[in-house]
Amino acid sequence: MSHRILIVEDEERLRRVIELQVRSAGFEVDQAGSAEAALALAGRADLVLTDLRLPGMDGLSLVRQLRQKNPSLPVVVMTAFSSVESAVEAMRSGAQDFLPKPFSMDHLMTVIQKALEVRALHAENRQLREQLGSRYDVGGIVAESKSMREVLEMVRKVAPTKATVLLVGESGVGKDLIARAIHFHSPRRDGPFVKINCTAIPENLMESELFGYEKGAFTGAATPKPGKFEQADGGTVFLDEIGDVPLSIQVKLLRVLQEREFERLGSNKTRQVDVRIVAATNADLKKALEQGAFREDLYYRLNVMPIHIQPLRERPEDIPELARRFAARAAREHGVPVDSISDEAMRVLTAHHWPGNVRQLDNVIERSVLLCLGSRLEASDIRLDSASRPKSSEPGPFLPDGMTLDEFEQSVLREALRRANGNKSQAARMLGLTRNALRYRLTQMGIEA
């Protein structure tokens with residue numbers, strides 16, 4: 001579909017020349033000799049090209065009125081060299097560009113193409129924002145269960161405030177989705193949302209990642225770099241798996257929470273930052289407090305507004321709608337003609353205990369859709385992870401023969417470290433501990449931490 005250009009020029013000869021050039025480039029054209037006539041035609045234009053000096057209403061007033069009626073309509077003004085100041089004023093009023101007279105037809109077409117490209121980018125940006133808004137809209141989040149309805153009610157109440165939020169729940173329950181919903185329903189929605197996976201950042205790099213560093217702060221720091229908190233200024237910081245933050249960094253986090261200030265690594269300059277903090281954990285932070293792996297003052301600063309998200313096995317009412325959404329998305333993305341899920345398949349899904357929660361359900365549905373031979377997902381198409389089936393309820397041995405509890409615990413810790421190739425974060429996840437809790441236990445037992 002070709003774009004329509006509205007040419008507003010009182011000099012008929014110039015208007016005709018511009019019209020012929022624009023038509024030859026493949027555009028549709030409307031023309032007007034006055035601002036009043038242009039206003040009647042502007043509703044169907046994709047771009048307005050106007051002179052500033054017009055009979056009756058001048059071009060500057062036209063620009064303002066067009067801007068009021070349609071802020072996304074690009075306006076390019078034409079002006080003589082003697083009135084460049086007027087062109088600048090027109091741009092302040094909303095014009096996108098200006099052409100000083102006399103101009104070449106090549107220059108004219110370049111300006112028109114540029115203005116239309118910018119308009120297309122703005123339209124795409126608006127569309128993406130609308131899509132993000134609908135994705136994280138509270139009304140679009142599955143909440144058939146009472147517990148999820150209570151979570152969303154908490155989101156509605158807390159999002160407009162500045163309160164720090166602590167999301168608590170097992171891995172895969174949707175803490176990331178809830179954190180983003182809080183951001184997109186807050187006054188900070190147009191600001192950045194910066195997610196920080198505390199588990200994924202090595203301990204020796206965490207300070208520089210969070211707070212940035214100056215040139216020469218350490219070997220290889222050739223240029224200064226802002227940290228995550230600076231990048232999130234005016235928006236929201238999402239601290240995922242906050243329980244894995246080392247104690248040395250917890251002190252600095254506490255200061256950011258209390259004072260909204262920090263220093264970059266290698267600098268004495270105090271920087272102010274305006275961020276809202278949402279944190280998440282799948283660990284029991286109260287137990288970490290007792291073990292000395294988490295600061296009590298930081299815990300109470302984070303726990304201003306706790307939101308507990310139940311595991312999927314405790315809210316099976318949400319499974320059918322989640323499954324239908326995941327199936328529709330997988331079918332659309334992979335071009336597979338699956339458009340429904342049978343009742344028997346749905347019974348299989350709702351009966352499963354889902355240790356990996358919503359993330360695992362999404363994975364299983366996508367795999368099942370890809371392997372499905374028909375248009376309906378049947379029970380035989382559901383491919384559950386064999387490793388995730390419920391464990392036997394029969395009790396195992398109390399303790400290995402000849403071992404004390406301390407010896408047994410040490411052997412378990414060493415085995416976890418061996419399987420994780422010495423990676424403490426991975427070993428901690430295997431044991432259901434935070435990285436700090438594992439480090440504390442290793443230190444207590446005299447094992448190198």
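Bear in mind that the values in this text are calculations on the coordinates, not laboratory data. In this text, all values refer to a predicted model and were calculated from it rather than measured experimentally. Cβ sites come from the backbone with ideal geometry, for glycine too, and all protein chains shown count toward neighbours.
Give the calculated FRET efficiency between residue 313 and residue 109 to the nearest 0.05, with a Förster radius of 60 Å applied to their Cβ-Cβ distance.
It comes to 0.45.
Output needed for the range 313-388: three equivalent-ellipsoid semi-axes, defined as square roots of 5 times the C-alpha gyration tensor eigenvalues, in descending order, whole Å.
Equivalent-ellipsoid dimensions as semi-axes: 19, 12, 12 Å.
Summing Lys, Arg as +1 and Asp, Glu as -1, what charge do residues with Cβ under 9 Å from the Cβ of residue 428 carry, residue 428 excluded?
With Lys, Arg at +1 and Asp, Glu at -1, the neighbours total +3.
Taking the number of other C-beta atoms within 10 Å as the exposure measure, put 368, 86, 104 in order starting with the fewest.
Taking fewest neighbouring Cβ atoms as first place, the list is 104, 86, 368.
Tell me the label-point distance for the pair residue 23, residue 10, using the 7 Å Cα-to-Cβ offset, in nm and rounded to one decimal.
Result: 2.5 nm between the two label points.
Run the reach check for residue 195 against lysines, Cα to Cα strictly under 16 Å, same-chain hits fewer than 8 apart removed. What comes back?
The reachable lysines, counting only those whose Cα sits under 16 Å from residue 195, are 175, 228.
Please report the Cα spread of the range 18-74 along all three principal axes, rounded to whole Å, starting with the longest.
Cα spread of the range 18-74 along its principal axes, largest to smallest: 30, 25, 16 Å.
If r is the Cβ-Cβ distance from residue 378 to residue 332 and R0 is 35 Å, what FRET efficiency results, to the nearest 0.05?
0.95
At residue 287 and residue 122, where each label point lies 7 Å from the Cα along Cα→Cβ, what is the point-to-point distance in nanometres?
In this crude label model, residue 287 to residue 122 measures out at 5.5 nm.
Place a +1 charge on the Cβ of each Lys and Arg in the range 4-131 and a -1 charge on the Cβ of each Asp and Glu, then give the dipole magnitude about the Cα centre in debye, rounded to the nearest 20.
With Lys and Arg at +1 and Asp and Glu at -1, about 260 debye.
Taking every DSSP beta bridge that has both residues in the chain, what percent is antiparallel when rounded to the nearest 5?
Just about 10 percent of them are antiparallel.
Can you give me the relative contact order of the range 208-349 as a percent, contacts being Cα pairs under 8 Å and 6 or more apart?
20
GNM, the chain, Cα, under 10 Å: largest mean-square fluctuation among 301, 156, 383?
Judging by the Gaussian network model, the answer is 383.
In whole percent, what relative contact order does the chain give with Cα contacts below 8 Å and a gap of six or more residues?
11
Hey, could you pull the Cα Rg and Dmax for the range 4-131, both in Å?
13.9, 46
Would you calculate the separation in nanometres between label points at residue 162 and residue 419, each defined as 7 Å from the Cα along the Cα-to-beta-carbon direction?
Once both label points are built, they end up 4.6 nm from each other.
Students often get this wrong, so try it: which of (1) 21.4; (2) 31.7; (3) 26.1 is mean projected area of the Cα convex hull in nm² as calculated from the structure shown?
Here mean projected area of the Cα convex hull in nm² agrees with entry (2).
Residue 114: which lysines have alpha carbons under 25 Å from its alpha carbon, excluding same-chain residues fewer than 8 sequence positions away?
69, 101
Based on the Kirkwood radius over alpha-carbon pairs, what is the Stokes-Einstein translational diffusion coefficient of the range 258-394 at 25 °C with 0.890 mPa s viscosity, in µm²/s?
For the chosen part, D equals 131 µm²/s.
Looking at the range 161-257, what % of the alpha carbon pairs are farther apart than 20 Å?
Summing the P(r) tail past 20 Å for the range 161-257 gives 42 percent.
Would you work out the Kirkwood radius for the range 141-310? I mean one over the mean of 1/r across all pairs of different Cα atoms, in Å.
16.6
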